[in-house]
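Here's the structure we're looking at; comments come further down.
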Amino acid sequence: MIEDLLAAMRPDHRRVTELVVFEDRPASDAAGEVEGMSTDNVYQVVSRFRRRLRELLEVDTGTCDG
C-alpha cells in the first residue's frame, strides 16, 4: 500500500516524503535537499501523504465511517 502510494507521487514529492517520514529528518533538511521545495511545501506534501495513507488504511481495515 505504501509503495503504491509513493509510486503515484511526483519524484520531488516522493523524495521529501521519504526523507521526512521514513528517514525521520526535519522538513528543513528535506527542503534544502530537494530543489524547488520550501519547508512549507514539505509540510504540505507530507501532510497529504499521511492523510491519504490514513484514508487507505481505514478503508482496508473497514473502520471508515463514511
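Structure values in brief
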{"item": "Number of the condition not met by M37 [criteria: (1) over 28 Å from D60 (Cβ atoms); (2) touching a helix residue (DSSP H, G or I) at 6+ places or on another chain (Cβ under 7 Å); (3) assigned to a helix (DSSP H, G or I)]", "result": "(3)"}
{"item": "Count of region 1-30 residues which are at pLDDT 95 or above, over 12 Å from Y43 (Cβ atoms) and not in a helix (DSSP H, G or I)", "result": "6"}
{"item": "Residue count, region 21-55 (criterion: surrounded by 15 or more Cβ atoms within 10 Å (Cβ to Cβ) and of a type in the set (F, W, Y))", "result": "2"}
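The values are calculated or read from the model by the stated rules, or taken from the named source; none is laboratory data. Please read all numbers here as calculations on a predicted model, not as lab measurements. Counting neighbours? That spans all protein chains shown, and the Cβs are built from the backbone with ideal geometry, glycine included.
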